[in-house]
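Heads up: the structure comes next, in structure tokens.
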Amino acid sequence: MSERTCIVTRGSGGPDGLLRFVAGPDMSVVPDLKRRLPGRGCWVTAERVHVDQAARKNLFARALKAKVTPPADLGAMVDRLMAQSALGSLGLARKAGQVVLGAAKVEAAVRAGKAALVLHALEASPDGVRKIDQARRATVHLGGPDIPAYKLFSQAELGLALGGTNVIHAAVLAQDAGKAVVKRVVALDRYRGGSPDDRTFVAATGVCDDAAEDME
């Protein structure tokens, strides 16, 4: 796909770094995360600060050439949709046997270099996180992959997505089904203000749109 221009920053980029919005039938602004809705669309850099700014200034009306009204909670709405997408792909990866749960199994997957990323529940204790962080650093020191870790979901959200209880630590394995999780987790983290270095991680792991086709 050709590069698109953000209506807030006026910067251009590929579709993976931007979010598409269209006018709904009721003239509201509708996020089109899958980039499949018909009609004229406009693009906003995929970070909440820019979505909030676009909504506050209603930059959508000029871009969409229509008298649209963005929902007051548009930024939060996009966050929920992105979180649901990430959790949905995580559940599918679990069914495919590409997610391991529990601190001991996560640490083992990290040390073996088999993990694509690590997820800690928001309630995870500093001690539990520290032990897995030590394993991540040791893996890199020994020439293995630099495995990122994220704290994006609550224990309840992870448990619901993974069909378990007391899910505090999880590792997504570096196999096909795990690629969709990586793409969505990195995107959500970036949307919430995470490091732009995550873009480099996605490129390095070879995650692409085809590998992360929507499976919901």
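Laboratory data are not the source of any read-out in this text; all were calculated from the coordinates shown. Note that the structure is a prediction, hence the values are computed from the model and not measured. Quick reminder, even Gly has a Cβ in these numbers, built from the backbone with ideal geometry, and neighbours come from all protein chains shown.
With the convex hull of the Cα atoms taken as the outline of the chain, the averaged projected area works out to 12.2 nm². For the range 1-42, just say rounded, prolate or oblate: build the C-alpha gyration tensor, square-root its eigenvalues into a ≥ b ≥ c, call rounded for a/c under 1.5, and beyond that prolate if a/b exceeds b/c, oblate if not. Here the range 1-42 falls in the prolate category. Could you state the number of Å between the C-alpha centres of the range 1-23 and the range 89-150? Between the Cα centres of the range 89-150 and the range 1-23 lies a distance of 32 Å.
Got a sec? Which residues in the range 161-191 would a label at LYS131 touch, if it sits 7 Å along Cα→Cβ and we count backbone N under 18 Å? Label zone hits: 166-172. Across the chain, Cα pairs under 8 Å and at least six residues apart give a relative contact order of 20 percent.
A simple count of charges around ALA112, restricted to other residues whose Cβ falls under 14 Å of its Cβ and scoring Lys, Arg +1 and Asp, Glu -1, yields +3. For the range 86-125, trypsin sites (Lys or Arg not before Pro) are listed when DSSP marks them as loop and at most 11 other Cβ atoms sit within 10 Å of their Cβ; the list is empty. Note on LYS67 and GLU3: the extension gain reaches 20.5 nm, defined as 0.36 nm multiplied by sequence separation minus the Cα-Cα distance.
A Cβ-based charge dipole, computed about the Cα centre of the chain with Lys and Arg at +1 and Asp and Glu at -1, lands at about 380 debye.
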